[in-house]
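Structure first, then comments.
The values are calculated or read from the model by the stated rules, or taken from the named source; none is laboratory data. Keep in mind the model is a prediction, meaning the values are calculated, not measured. Don't worry about glycine lacking a Cβ; one is built from the backbone with ideal geometry, like all the others, and counts go over all protein chains shown.
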Amino acid sequence: MTPTAPGERVVSLDAFRGLTIAAMILVNNPGTWEAVYWPLDHAAWHGWTPTDLIFPFFLFMVGMSLHFSRKESLGAALRRTAILFGLGLFLNGFPFFALDTRLPGVLQRIALCYLAAWVVVRRLALVAQVVITLALLVVYWALLTQVPVPGVGPSNLEPGTNLAAWVDSHVYLGRMYMKTWDPEGVLSTLPAIATTLLGALAGAWLRGARESRLRAAGFVIAGALLAALGVAWGESFPINKNLWTSSYVLLTGGLASALFGLCYLLADVWRYRLWTRPFVVYGTNAILIYVGAALVTRTLRVTKVHGTSLHDHAFETFLAVTGLEIHAASLAWACLVVAFWYVILRALDRRGLHWRV
């Protein structure tokens, strides 16, 4: 097959983005946080679970998408950054909007990574992009493993006492997610930018003038190599989402590349696209569904009836009606949330309504 034409829609890009955001909705909406199967929860500290792949996969797709909006101006990029960051602040404060509202967050990190990657991709040659990506990973490794932590002692990677936590505690972040540190804090945003740049490099490969099967193979092979390097580096610099360690960047970037390569092979090379339809619906309204689901879930959890939240009332009723074991019921509830939002997004898609930030 010929390379993807400049104006041709890459179905696998929307499908992979949609798969990622659907997974995000699934893991964010269990029936109860007290009964979650381990693959659907984050690793407590070092190590990883499938859930720990979701956020970096999305950032990887943000980087890839930069090559499909080449005419976007700096003003438009700044506007998108401001909107994403503002939406993140709104979600952090909703519904009470206290003065100590948390400043970092998922959308805020996406905004900052997008802007940084936009500048690098638009202003620098491909070789320079590779150098910056590697430099971010090496510098971050050196900071966390070689620099003593003021007031604590030697460098360490423990919760609350590492250098990233120290930086968070000395930069006003409002209320931090974990009281003394934040998983979307200042210093760990540097390697998250590297994750986005890996996606941008993958996007450059996708847009290159080469045969489609070669591109698919390149994604899978390069992804496998990156993941293997991440695992190897993880022996000395542990894979850790909360710290967004350099080994975590390589592992997740590699897995994202390999999985996207398979999606690309199926959807855009072999043209097997039936499986993509529900994910494309999610992928073309990714930010809308993320914000909408968060607002609805938050509202249900904070609205009390006789001292119990509407969400808990509904789940207890669901548990009683289905008779499922609580872990299975919690997962079934999450699946129903994903299906509920699919119905809404499908209706919007049929009317051509897509919210593009």
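Go through the residues of segment 84-101 one by one and say whether even a single one is closer than 22 Å to R277 by Cβ and buried (at least 21 other Cβ atoms within 10 Å of the Cβ). No: zero hits.
Listed by position, the helices (runs of 4 or more DSSP H) contained in segment 78-173 that have at least 3 residues being over 25 Å from L197 (Cβ atoms) and either touching a residue at least 40 places away in the same chain (Cβ under 8 Å) or assigned by TED's automatic domain parsing to the domain that holds L229 (or both) are 163-170.
Okay, residues lined up against (1) under 22 Å from N240 (Cα atoms); (2) surrounded by fewer than 17 Cβ atoms within 10 Å (Cβ to Cβ); (3) at pLDDT below 95:
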{"residue": "A142", "(1), (2), (3)": "yes, yes, no"}
{"residue": "V147", "(1), (2), (3)": "yes, yes, no"}
{"residue": "G160", "(1), (2), (3)": "yes, yes, yes"}
{"residue": "L163", "(1), (2), (3)": "yes, no, no"}
{"residue": "L187", "(1), (2), (3)": "yes, no, no"}
{"residue": "T195", "(1), (2), (3)": "yes, no, no"}
{"residue": "A202", "(1), (2), (3)": "no, no, no"}
{"residue": "S212", "(1), (2), (3)": "no, no, yes"}
{"residue": "A222", "(1), (2), (3)": "yes, no, no"}
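Looking at the structure I just gave you, is V338 under 25 Å from the mean Cα position of the chain (by Cα), loosely packed, with under 14 Cβ neighbours inside 10 Å and more than 28 Å from A76 (Cα to Cα)? Against the criterion (under 25 Å from the mean Cα position of the chain (by Cα), loosely packed, with under 14 Cβ neighbours inside 10 Å and more than 28 Å from A76 (Cα to Cα)), V338 does not qualify. Just one of the listed residues (F97, F90) is at positive phi and among the hydrophobic types (A, V, I, L, M, F, W, C), namely F97. Taking the numbered list (1) among the hydrophobic types (A, V, I, L, M, F, W, C); (2) in a loop (DSSP other than H, G, I, E, B); (3) not assigned by TED's automatic domain parsing to the domain that holds P278 in turn, W33 passes all entries but (3). Per the conditions (1) touching a Leu at 6+ places or on another chain (Cβ under 8 Å); (2) without any contact (Cβ under 8 Å) to a residue 24 or more places away in the chain; (3) more than 24 Å from N92 (Cβ to Cβ), the sole criterion not satisfied by A328 is (1). Every test in (1) of a type outside the set (D, E); (2) surrounded by fewer than 20 Cβ atoms within 10 Å (Cβ to Cβ); (3) in contact with a helix residue (DSSP H, G or I) (Cβ under 7 Å, 6 or more places away or on another chain) is passed by G261 save one, and that test is (2). In segment 17-41, the qualifying residues are those that are among the aliphatic types (A, V, I, L, M) and under 17 Å from A329 (Cα atoms), and the one that is surrounded by the most Cβ atoms within 10 Å (Cβ to Cβ) is I25.
For every residue, the table says whether it meets (1) outside the structural domain of G88 (by TED's automatic domain parsing); (2) in contact with a Phe, Trp or Tyr (Cβ under 8 Å, 6 or more places away or on another chain); (3) in contact (Cβ under 8 Å) with a residue 12 or more places away in the chain.
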| site | (1), (2), (3) |
| --- | --- |
| L250 | no, yes, yes |
| H306 | yes, no, no |
| F315 | yes, yes, yes |
| F318 | yes, yes, yes |
| F340 | yes, no, no |
| V343 | yes, no, no |
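Being among the β-branched types (V, I, T), surrounded by fewer than 16 Cβ atoms within 10 Å (Cβ to Cβ) and more than 30 Å from F94 (Cα to Cα) holds for only one residue in T297, T322, T252, and it is T322.
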